[in-house]
Amino acid sequence: MSSKLEDKFLSKWNQLYPALPLIPEYYFCKPRRFRADFAHVETMTLIDIQGGVWMGGKSKHSSGVGITRDCEKLFLANTNGFAMFYLTSNMIADESNQYLKGIAHFIISQLVKVRHSA
């Protein structure tokens, strides 16, 4: 189930980078049932949308339990070979699209590596 912020991100991503399709709600650590909001599977790139960061500890991402869970999720992603990017609403709304450009650049550089090693 996607949020409005996830929908906004995906719409913007698809408009800017239609050649870099993302899979929504990708389970990357099945025993722990951790999932990323989006994944570019070929390059093992994960994107997680951090909603509610301005709620003063009242969201799952900004409470002590939520931050601990996000840190565990990031740790397991990295130790399993994934690169994970976290985005907030401000980063998604950024008119220069610098954050999305950075992720797209990373994915493209990983594609070059993956395809050269094949």
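The values are calculated or read from the model by the stated rules, or taken from the named source; none is laboratory data. Bear in mind the structure is a predicted one, so any value in this text is a computation, not a measurement. Quick reminder, even Gly has a Cβ in these numbers, built from the backbone with ideal geometry, and neighbours come from all protein chains shown.
Does Asp70 satisfy being modelled with pLDDT under 95, within 13 Å of the chain's Cα centre (by Cα) and not aromatic (Phe, Trp, Tyr)?
Working: modelled with pLDDT under 95: yes; within 13 Å of the chain's Cα centre (by Cα): yes; not aromatic (Phe, Trp, Tyr): yes.
Against the criterion (modelled with pLDDT under 95, within 13 Å of the chain's Cα centre (by Cα) and not aromatic (Phe, Trp, Tyr)), Asp70 qualifies.
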With respect to Leu22, is the statement that it is at pLDDT 95 or above and either exposed (fewer than 14 other Cβ atoms within 10 Å of the Cβ) or within 23 Å of Leu111 (Cα to Cα) (or both) true?
-> yes
Inside the stretch 65-95, can you point out the residues that are more than 19 Å from Arg32 (Cα to Cα) and in a helix (DSSP H, G or I)?
-> Ser89, Asn90, Met91, Ile92, Ala93
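Which one of these is at pLDDT below 95, in contact with a helix residue (DSSP H, G or I) (Cβ under 7 Å, 6 or more places away or on another chain) and closer than 25 Å to Lys113 by Cβ: Leu76, Leu87? Give the derivation first.
Details: Leu87 fails: at pLDDT below 95.
Checking each option against the conditions leaves just Leu76.
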